[in-house]
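Structure first, commentary second.
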Amino acid sequence: MNGLINHIMAWRLSFPVYRFLVEPLVRIRLIAHAFLIMYDNKEFINLPISGLEVSDYFKEKSKQMGFYTIKEITDLGWGKVLKMDHFCYDWFNELVRLLMSKGLLDLLETK
């Protein structure tokens with residue numbers, strides 16, 4: 001019983017240390033990591049679609065619609081993209097999955 005009390009007391013003493021010293025450092029590191037990923041992903045939208053790891057169908061359909069980078073698509077917005085000639089939901093689905101995988105789906109907002 002005495003060992004259990006010592007264990008509980010040790011935890012209670014270490015909890016404030018964890019909560020006020022360690023936890024903020026972990027949060028700062030997570031935020032910094034998320035920022036770096038977001039920065040890398042923002043650069044991703046400027047890469048040529050022909051060089052991305054997407055299906056050949058996506059590359060061909062993008063070219064047919066006049067898109068050479070993901071940024072060109074996101075700048076237009078999904079509302080206008082849906083109304084374009086040669087639009088296809090299979091292509092759009094791949095675009096949405098690609099943007100979701102990079103955490104950039106919010107860039108495809110209506111313009």
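Write down, largest first, the equivalent ellipsoid semi-axes of the range 48-111 in whole Å, where each equals the square root of 5 times an eigenvalue of the alpha-carbon gyration tensor. Before the final figure, lay out each step's value.
Details: eigenvalues 47, 42, 22 Å².
Semi-axes from the Cα gyration tensor: 15, 14, 10 Å.
Determine the gain in length on full extension of the stretch PHE87-ASP75; use 0.36 nm per residue of separation and subtract their C-alpha separation, reporting nm with one decimal. Intermediate values should be presented prior to the final figure.
Working: separation 12, 0.36 × 12 = 4.32 nm, distance 1.63 nm.
Using 0.36 nm per residue and subtracting the Cα-Cα distance, I get 2.7 nm.
Explain nothing, just compute: Karplus ³J(HN,Hα) = 6.51 cos²θ - 1.76 cosθ + 1.60, θ = phi - 60°, for every residue of the range 44-52 in order, whole Hz, x for Gly and Pro.
Rounded to whole hertz, the list is 4, 5, 8, 6, x, 4, 4, x, 7.
A short reminder: the numbers here are calculations on the coordinates, not readings from a lab. Just so we're clear, the structure is a prediction, and the values are computed from it rather than from any experiment.
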